[in-house]
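Read-outs throughout are calculated quantities, based only on the coordinates presented, and are distinct from any laboratory measurement. These numbers come from a predicted model, not from an experiment.
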Amino acid sequence: MTGKNNRRQERLDLSKLVFAKEGEAAHGGLIRDISAVGAYVKFYIPLGRVEHDFAVGDTIDLIMEDETVLVGSVARSDPDGIAIDFDPESADQFGFVEAMVNAERDAAE
């Protein structure tokens, strides 16, 4: 049986401004969905598509609007953005993201 959504954790649709940064490379975009273990960032610029060099395995800092930094690695890259797996060793980060996802879900209900 094949399911459309075979993710490890439920993801929450959302649109939060972030900057994805690796070394000197940084691109602005929106978190399109997020869970406690990962997120998808879609890159935007005012005139069209962003051409990014992020590749699977790159370590990424996601800098959020409130200057919170989430650390992860690129799990998948496509022309529109990147899927990120958050650092599984960071219990504090996991707790923060889980609390954010729960708060966003509660606010949407």
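Annotations for the structure displayed:
- Global geometry of the stretch 12-108, whether rounded, prolate or oblate, following the gyration tensor of its Cα atoms and the 1.5 cut on a/c: oblate
- Relative contact order for the stretch 12-108, counting Cα pairs under 8 Å that sit 6 or more residues apart, in percent: 26 percent
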